[in-house]
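Asker: Sharing a structure, written as C-alpha cells. Questions coming.
The values are calculated or read from the model by the stated rules, or taken from the named source; none is laboratory data. Predicted model, so just to flag it, every value in this text is computed and none were measured. When we count neighbours, we look across all protein chains shown, and the Cβ atoms used for this are built from the backbone with ideal geometry, even at glycine.
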Amino acid sequence: MPKQHIEGLIGQLHDKFANTETSAQQDAMIAQMQSQLADWEGPNPPRDFRETAELLYQELEDEHPTAARLIQEVINTLTNICV
C-alpha cells in the first residue's frame with residue numbers, strides 16, 4: 001500500500017505542476033521519481049528514490065511550498081516503510 005500512496009502523491013505533484021513553470025532540473029527529478037516508482041518491486045523502495053525525493057524537496061521548498069509538502073509526505077511515508 002505505501003507504493004500506491006506514494007504514486008498518488010506523485011500524481012498530485014504532477015497535476016500541480018501542469019499549470020506551473022518548473023525548472024528543467026525539477027522536471028527531471030519528478031520524471032526520475034516516476035521511473036523509480038515504475039521499477040519498484042518488493043516491499044522496499046529503490047535506494048535512490050529517497051535521495052531524489054529529498055533533493056526535490058530542497059528545490060521546491062522556497063518557490064513551491066505546497067508541492068514541497070507533498071514531497072515531504074512522500075519522505076515521511078518512505079521513513080515509515082524503512083523503520
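Asker: Going by the conditions given, is Glu73 acidic (Asp, Glu) and exposed (fewer than 11 other Cβ atoms within 10 Å of the Cβ)?
Answerer: It is false that Glu73 is acidic (Asp, Glu) and exposed (fewer than 11 other Cβ atoms within 10 Å of the Cβ).
Asker: Would the range 49-66 turn up any residue that is surrounded by 11 or more Cβ atoms within 10 Å (Cβ to Cβ) and in contact (Cβ under 8 Å) with a residue 40 or more places away in the chain?
Answerer: Yes.
Asker: Considering only the range 25-43, I want to know if a residue exists there that is surrounded by 19 or more Cβ atoms within 10 Å (Cβ to Cβ) and assigned to a loop (DSSP other than H, G, I, E, B).
Answerer: No - not one qualifying residue is present in the range 25-43.
Asker: So, one more: Tell me which residues, restricted to the range 1-24, are of a type in the set (D, E, K, R), exposed (fewer than 14 other Cβ atoms within 10 Å of the Cβ) and in contact (Cβ under 8 Å) with a residue 40 or more places away in the chain.
Answerer: Within the range 1-24, none qualify.
Asker: Scan the range 44-65 residue by residue and report those that are part of a helix (DSSP H, G or I) and out of contact with any helix residue (DSSP H, G or I) (no Cβ under 7 Å at 6 or more places or on another chain).
Answerer: Scanning the range 44-65 gives Arg47, Glu51, Gln58, Pro65.
Asker: Give just the number: which of (1) modelled with pLDDT under 90; (2) more than 15 Å from Lys3 (Cβ to Cβ); (3) not aromatic (Phe, Trp, Tyr) does Pro46 not satisfy?
Answerer: (2)
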